1. Would you confirm, using the coordinates I've provided, whether B:Ala93 is buried (at least 16 other Cβ atoms within 10 Å of the Cβ) and modelled with pLDDT under 90?
2. Quick check on the stretch B:55-66. Is at least one of its residues more than 9 Å from every other protein chain (Cβ to nearest Cβ) and part of a helix (DSSP H, G or I)?
3. I'm told B:Thr86 meets every condition in (1) in contact with an Asp or Glu (Cβ under 8 Å, 6 or more places away or on another chain); (2) open to solvent by 70 Å² or more (accessible area, probe 1.4 Å) except one. Can you identify the failing condition by its number?
4. Please state which one of A:Met1, A:Met40 is closer than 30 Å to B:Val57 by Cβ, open to solvent by 100 Å² or more (accessible area, probe 1.4 Å), modelled with pLDDT under 95 and out of contact with any Phe, Trp or Tyr (no Cβ under 8 Å at 6 or more places or on another chain).
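The values are calculated or read from the model by the stated rules, or taken from the named source; none is laboratory data. Not measured: the values here are computed from a predicted model. Ideal geometry is used to build each Cβ from the backbone, glycine not excepted, and the neighbour counts take in all protein chains shown. These accessible areas exclude ligands, DNA and RNA; they are computed on the full protein's heavy atoms, side chains included. Shrake-Rupley method; radii C 1.70, N 1.55, O 1.52, S 1.80 Å.
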Amino acid sequence: MSIFYFLFSIYQISIVNSQLSITMATFTTPEKIGTTPASMLWLLPLAASITITYKATKLPTITARNFIKEVAMLFGSIVVFIIITALVLWALAWLITE
Amino acid sequence: MAERWEKNHTLFLLIVGLLAWFVPGAGHFALGEKKRAIIIFVTIVATFCTGLYIGSVGVIDRVVAWWWYVAQIMNSPMVAVLGHFTAGGGYPAYGRPNEIGQIYTSIAGLLNLLCIVNAVYLAHLRGTETAGG
């Protein structure tokens, strides 16, 4: 019985080890992201992260409802401002090149 | 008496600052701001790990990308340990994933710097409030 438990624990350790190796491997090779317009969408999680951290340091008291509302408002304004800037730059580029 | 308080206060601020640097959010946690601490920890660690996932650990390069490394090390001194392993250039990092990874990890570091300053400021305010009355 004890040999069975010993073999079973070794089996479990090997499974955990292989899972860990797979997880670590994803951090040692870059993801496939091309220089496409869609790659710009990676700025959205970053903007969310900046917003959450900023609001976590600035709000006097943190309640779930208030925090989510404040984060959503700031995140929305950042995204809107980015879109406006992109449109202005696109229009400028169009005016210069056409 | 005032001199002793001043000395203890400076030491307290230093400890809070170091805690906040070693583990993101730990400075706020030490001040009893547990909700803030959890939010800061989860957000900064997630941002940093996302950067490593996208660009690989090779984005931490203290030789070629020194200025990015300065921002990245604000996450935690543990980044220096990672930097030690990646210094030889053994891990590939190139193109757009490298750019995105560097931006993510560096922004995470700068966000932690903001949190360190905020934690030290909160500790200072509490210290002066206690001393004042």
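1. Answer is yes for this residue.
2. Checked against the condition, which is being more than 9 Å from every other protein chain (Cβ to nearest Cβ) and part of a helix (DSSP H, G or I), the stretch B:55-66 yields at least one hit.
3. (2)
4. A:Met40
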